[in-house]
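The values are calculated or read from the model by the stated rules, or taken from the named source; none is laboratory data. These figures come from a predicted structure and were not determined experimentally. Counting neighbours? That spans all protein chains shown, and the Cβs are built from the backbone with ideal geometry, glycine included.
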Amino acid sequence: MRYCTQCGQAVQLRIPAGDSLYRSICSACGHIHYENPKLIVGCLAEWEGRILLCRRAIEPRLGFWTLPAGFMENEESSLAAALRETREEACAIVEAGTLFALVDVPHISQVHLFYRGALQNGEHRAGCESLETRLYAEADMPWDELAFCSVRFCLERYFADRRRGEFAIHQHTLQPLPED
């Protein structure tokens, strides 16, 4: 950030009084600009034992498979965001379930939340951010074509819980991949 969103003047990176982290602070009006992690919210929608996946039509990871998910909007609950993203990306209506996984991704300042849900009527099709949608059984899951580590974590835990016959809430912190 170079300029204040309140008055347009230049900002300086410094630690405000009573804080311990560097923040962008306006040199003119003193406004402190806090930058916080973004919430990515999605749904693990099941129909007759299979999970709904979307093939991404956008970057990052164009062409790879993911659970329907996206950025949570202001003035929206996380559950409402998961249901909205499922409608937008897979044109699917889901009966909401419970929170299933929380994945912290600190190296890109994101938190990924996934809810369980039941796909209604089995109907789905590609929305504007998807090339196609498909229902996958565990045995047919495109593990090598999954777009994100958080999605893999979520699916692995889901199938393990389903085999056990008991679902839990799972939390995980992803570490950055080592650079070559």
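If Phe100 satisfies every condition in (1) surrounded by 14 or more Cβ atoms within 10 Å (Cβ to Cβ); (2) in contact (Cβ under 8 Å) with a residue 60 or more places away in the chain; (3) in contact with a Ser or Thr (Cβ under 9 Å, 6 or more places away or on another chain) but one, which is the exception?
Unmet condition: (3).
Can you spot a residue in segment 23-37 that is under 30 Å from Glu89 (Cβ atoms) and touching a strand residue (DSSP E or B) at 6+ places or on another chain (Cβ under 6 Å)?
yes
Taking the residues in segment 80-91 that are in contact with a Gly (Cβ under 9 Å, 6 or more places away or on another chain) and of a type outside the set (D, E, K, R) as candidates, determine which candidate is farthest from Ala168 (Cα to Cα).
Cys91
Limited to segment 54-83, what total is found for residues that are surrounded by fewer than 18 Cβ atoms within 10 Å (Cβ to Cβ), farther than 15 Å from Ala126 by Cα and in contact (Cβ under 8 Å) with a residue 40 or more places away in the chain?
2
Each row is one residue, and each column tells you yes or no for (1) within 28 Å of Asn36 (Cβ to Cβ); (2) of a type in the set (A, V, I, L, M); (3) in the same structural domain as Leu53 (by TED's automatic domain parsing).
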{"residue": "Val94", "(1), (2), (3)": "yes, yes, yes"}
{"residue": "Val111", "(1), (2), (3)": "yes, yes, yes"}
{"residue": "Phe114", "(1), (2), (3)": "yes, no, yes"}
{"residue": "Leu119", "(1), (2), (3)": "no, yes, yes"}
{"residue": "Glu138", "(1), (2), (3)": "no, no, yes"}
{"residue": "Cys149", "(1), (2), (3)": "yes, no, yes"}
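Assuming Ser109 fulfils every condition listed in (1) closer than 17 Å to Trp47 by Cα; (2) small (Gly, Ala, Ser); (3) surrounded by fewer than 12 Cβ atoms within 10 Å (Cβ to Cβ) apart from one, which condition is it?
(1)
For segment 159-180, which positions are within 20 Å of Arg61 (Cβ to Cβ) and surrounded by 15 or more Cβ atoms within 10 Å (Cβ to Cβ)?
Hits for segment 159-180 are His172, Leu174.
Could you tell me which of the residues Ile32, Ile58, Ile40 is at pLDDT 95 or above and touching a Pro at 6+ places or on another chain (Cβ under 6 Å)?
Step by step, each of Ile32, Ile58, Ile40 is checked, and only Ile32 is at pLDDT 95 or above and touching a Pro at 6+ places or on another chain (Cβ under 6 Å).
Looking only at segment 123-144, decide whether some residue is crowded, with 20+ Cβ neighbours inside 10 Å and among the basic types (Lys, Arg).
No, the conditions are met nowhere in segment 123-144.
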